[in-house]
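Enquirer: This is the structure, below, for whatever I ask next.
The values are calculated or read from the model by the stated rules, or taken from the named source; none is laboratory data. What you see is a predicted model; the values in this text were computed from it and never measured. Using ideal geometry, Cβ is built from the backbone for each residue, glycine included, and neighbour counts are taken over all protein chains shown. Surface accessibility is based on the protein's heavy atoms, side chains included, excluding ligands, DNA and RNA. Shrake-Rupley method; radii C 1.70, N 1.55, O 1.52, S 1.80 Å.
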Amino acid sequence: TIPTKRTVVLNRWAERGTIVQGCALSEAGIVLWVDVKDQPSKLSGQSLGVDIGVNKLLSDSQGNHYGTEFKTIRDKIRRSKPKSKARYRHYAERENFINRTINLLPWVVLCVMGVEDLHDMKRGKQKRRGKDFRKALAPWTYRRVLERIGHKAQEHRVRLVAVPPAHTSQTCPNCRTVSRDSRRGERFQCVVCGHSGDADHFGALEIIARTRQILRSVESLGPNQAVT
């Protein structure tokens, strides 16, 4: 028997299921599993599109930005020596930062969240992905961010919708023109209509638009399934 203290997170999950006998031990702590009964997603609430960025960790379709200090943590990892104590310390800092940032999202009022189905972002050479961009991308763990978002969505019964990521940050939310020339760093100015704003916010707007399109195509919402 290993005496431990119950955490708030464990209590929350234990209320929804049964703690599985057994655990996994590591230097960092103890991992437990909870057998959770299947629970349907919320039937009403708000919908939100979330864009995962390299500098700002998260930006949503309502214009909010979360984790604006992520670039500082990312650069700490890049500057530290591989396998050094400093690098492992910065890895832990990044993990805690990701968890804290994702917790700030308005989970209680959400029933649907749209995210990009990102994959193979660090592979291959593409235009506008120079040496500096690849260096910035190296410490970026977008898969870990998506994984944590998935856990929180399950915990709060929020339906998670993955949308195709192509051109989300190159689409004008005003006139729907798609052009890579409209984006310059973190700023977006449409080459056709001149509409301008934060590029990550506009990306999140496109994500939520695609999320709603996917939901309309796969199901018919009933009167008690209001997605706003």
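Enquirer: At a 4.7 angstrom Cβ threshold, list every cysteine in the chain that has nobody to pair with, or say none.
Expert: By the Cβ distance rule, which asks for a partner under 4.7 Å, the isolated cysteines are Cys23, Cys111.
Enquirer: When only alpha-carbon atoms are used, what values of Rg and Dmax, in angstrom, describe the chain?
Expert: When restricted to Cα atoms, the chain yields Rg and Dmax of 19.7, 67 Å.
Enquirer: Determine the gain in length on full extension of the stretch Ser84-Val178; use 0.36 nm per residue of separation and subtract their C-alpha separation, reporting nm with one decimal.
Expert: Gain in length upon complete extension: 29.5 nm.
Enquirer: Something else about it: Can you give the longest run of the chain that contains no GluC sites (Glu not before Pro) sitting in a DSSP loop with at most 10 other Cβ atoms inside 10 Å?
Expert: Result, exposed sites excluded: 28-218.
Enquirer: With every protein chain kept in place and ligands, DNA and RNA left out, what is the accessible area per residue of the chain? Probe 1.4 Å, answer in Å².
Expert: That works out to 61 Å² per residue.
Enquirer: Distance in nm between label sites at Leu32 and Val191, each 7 Å beyond Cα in the beta-carbon direction?
Expert: It works out to 5.6 nm between the two label points.
Enquirer: Taking the Cα-to-Cβ direction at Arg216 and at Asp75 and moving 7 Å from each Cα, how far apart do the two end points lie in nm?
Expert: Between Arg216 and Asp75, the simple spin-label model gives 4.3 nm.
Enquirer: Based on DSSP H runs of at least 4 residues, each adding -39500 (n - 2.57), what is the mean residue ellipticity at 222 nm of the chain after dividing by all its residues, to the nearest 500 deg cm²/dmol?
Expert: -10500 deg cm²/dmol
Enquirer: Ignoring ligands, DNA and RNA, what percent of the 1.4 Å accessible area of the chain is carbon and sulfur?
Expert: 51 percent
Enquirer: What trypsin sites (Lys or Arg not before Pro) does the stretch 46-112 have in DSSP loop regions with at most 14 other beta carbons within 10 Å?
Expert: Sparse-neighbourhood loop trypsin sites (Lys or Arg not before Pro): Lys83.
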